[in-house]
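The values are calculated or read from the model by the stated rules, or taken from the named source; none is laboratory data. All figures in this text were calculated on a predicted structure; none of them were measured in a lab. Glycine also receives a Cβ, built like all others from the backbone with ideal geometry; neighbour counts cover every protein chain displayed. Each accessible area value is taken on the protein alone, full model and side chains, heavy atoms only, with ligands, DNA and RNA left out. Shrake-Rupley method; radii C 1.70, N 1.55, O 1.52, S 1.80 Å.
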Amino acid sequence: MLVTTKEMFKKAYEGNYAVGAFNVNNMEIVQGITEAAQELKAPVILQVSAGARKYANHTYLMKLIEAAVVETDIPIALHLDHGADFDICKSCIDGGFTSVMIDGSHHSFNDNIELTKKVVEYAHAKGVTVEGELGRLAGVEDDVNVSAEDASYTRPEEVEEFVSKTGVDSLAIAIGTSHGAFKFKPGQKPQLRFDILERITERLPGFPIVLHGASSVPQNFLEEINKYGGDMPGAIGIPEEMLRTAAKSAVCKINIDSDIRMGMTAAIRKYLAQNPSHFDPRQYLLPARQAVKDMVAHKINNVLGCNGKA
């Protein structure tokens with residue numbers, strides 16, 4: 001069933017787990033994600049970036065989501081990832097999304113409040129939930145491009161005012177995660193600022209927190225990627241045990257995208273390396289879809305803790 005994130009996050013907060021928000025842009029990715037979630041009886045968020053809408057077309061994506069709803073009996077939320085302005089949020093709300101993110105983090109604090117409030121007022125009138133953002137994550141992914149110099153941690157002293165003045169339903173924060181695949185330099189030890197998370201939680205008791213840039217490729221997947229033409233450094237992203245700790249606290253939504261892309265690409269590389277004369281997309285997209293399913297199942301079981309929570 002297609003739902004908003006409101007009840008989904010309430011249950012996640014009370015149950016000390018997080019719901020996975022997985023980016024989608026084609027049929028195989030939608031199928032892999034929802035098949036894993038269905039088998040594990042996990043709620044799931046399918047999220048679409050502006051780049052994905054340009055690539056796949058809004059109508060095609062909506063029909064894929066409709067098919068996923070028909071084929072499963074789990075709660076599914078359809079979410080806009082990193083909406084840059086009011087117009088794209090409005091378009092997605094009018095087009096059937098149940099949740100949108102308005103990313104005003106590149107604006108001043110007051111302008112961020114003004115923009116986010118405008119989206120919230122329109123969305124809530126249509127029964128749609130809204131995610132806002134305070135702080136800026138470094139990294140590059142789709143339409144997001146933030147340099148390390150421009151990145152900033154979320155300021156705990158600002159969160160109460162932001163939430164109360166905007167009326168947002170959830171808040172994305174910056175505590176050490178990063179967009180994209182190549183997040184940290186060799187030898188650099190990634191860390192999550194749990195001290196900032198704790199201070200935010202104290203100011204917003206019971207309020208759902210979101211982590212972006214939380215992809216982190218497990219070692220066995222990484223070895224498979226490198227075996228068939230990849231060149232990935234040893235540690236990518238925040239260690240999964242840190243993300244699991246965050247999921248047990250106020251973090252109710254964890255975004256995952258790069259892991260799926262790399263797992264899917266590794267499966268295609270492997271198949272074509274072993275079958276160089278094959279050219280039927282169905283042949284190499286079948287293991288690619290399975291790779292998505294395997295990655296999502298791993299995240300549900302070992303990071304999010306939302307298995308059996310549908």
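Suppose every K and R has +1 on its Cβ and every D and E has -1 on its Cβ; what is the size of the dipole of the chain about the Cα centre, in Debye to the nearest 20? Let's see the in-between values first.
Values: 32 positive and 40 negative charges, 115 e Å.
The dipole magnitude comes to about 560 debye.
What percentage of the solvent-accessible surface of the chain, computed with a 1.4 Å probe over protein heavy atoms, is contributed by carbon and sulfur atoms?
On the way: 6840 of 13450 Å².
Answer for the chain is 51 percent, counting heavy atoms of protein chains only.
Please give, to one decimal in nm, the separation of the simple spin-label points placed at His278 and Asn301, each 7 Å out from Cα toward the Cβ.
2.4
Per 0.36 nm of contour for each residue apart, how much would the distance between Phe194 and Glu71 grow if the chain were fully extended, relative to their Cα-Cα spacing? It would help to have the intermediate numbers written out before the result.
Values: separation 123, 0.36 × 123 = 44.28 nm, distance 3.85 nm.
Length gained, Phe194 through Glu71: 40.4 nm.
Where a Cα-Cα gap under 26 Å defines reach, which lysines qualify for Lys227, not counting those fewer than 8 residues away within the same chain?
Within the straight-line cut-off, Lys227 pairs with Lys183, Lys185, Lys189, Lys270, Lys293, Lys299.
Among Leu64, Leu243, Leu46, which one shows the highest mean-square fluctuation when the chain is modelled as a Gaussian network with alpha-carbon springs under 10 Å?
Leu64
Which entry is the computed Rg and Dmax of the Cα atoms in Å for this structure: (1) 18.5, 60; (2) 23.2, 74; (3) 22.1, 71?
Matching the structure shown: (1).
Which is the longest run of the chain containing none of the trypsin sites (Lys or Arg not before Pro) found in DSSP loop states (not H, G, I, E, B) with at most 16 other C-beta atoms within 10 Å? Please report the intermediate quantities before stating the final value.
On the way: sites that count: Lys41, Lys126, Arg193, Lys248.
Between the exposed loop sites, the longest stretch runs 42-125.
Along Cα→Cβ, 7 Å out, is where each label goes; now give me the distance between the ones at Thr245 and Glu114 in nm to one decimal.
Each label point lies 7 Å from its Cα, and together they span 4.0 nm.
For the chain, modelled as a GNM with alpha-carbon contacts under 10 angstrom, which of Thr34, Thr177, Thr72 fluctuates the most?
Most flexible of the set in this elastic network: Thr72.
Going by the alpha-carbon gyration tensor, a ≥ b ≥ c the square roots of its eigenvalues, is segment 1-105 rounded (a/c under 1.5) or, if a/c is not under 1.5, prolate (a/b greater than b/c) versus oblate?
Working: a/c = 1.92, a/b = 1.20, b/c = 1.59.
Judged from the Cα gyration tensor, segment 1-105 comes out oblate (a/c at least 1.5, b/c at or above a/b).
Can you give the extra length, in nm with one decimal, that the chain gains between Glu39 and His58 once fully stretched, where that is 0.36 nm per residue apart less the Cα-Cα distance? Walk me through the numbers before you get to the answer.
Details: separation 19, 0.36 × 19 = 6.84 nm, distance 2.72 nm.
Extra length available between Glu39 and His58 comes to 4.1 nm.
From the helices alone, meaning DSSP H stretches of at least four residues, give me the mean residue ellipticity at 222 nm for the chain, per-run term -39500 (n - 2.57), in deg cm²/dmol to the nearest 500.
Details: 12 runs with 145 residues, N = 310.
The per-residue figure over the chain is -14500 deg cm²/dmol.
Between the helical axis of 58-71 and the dominant principal axis of the chain, each derived from Cα atoms, what acute angle in degrees is found, rounded to the nearest 10?
80
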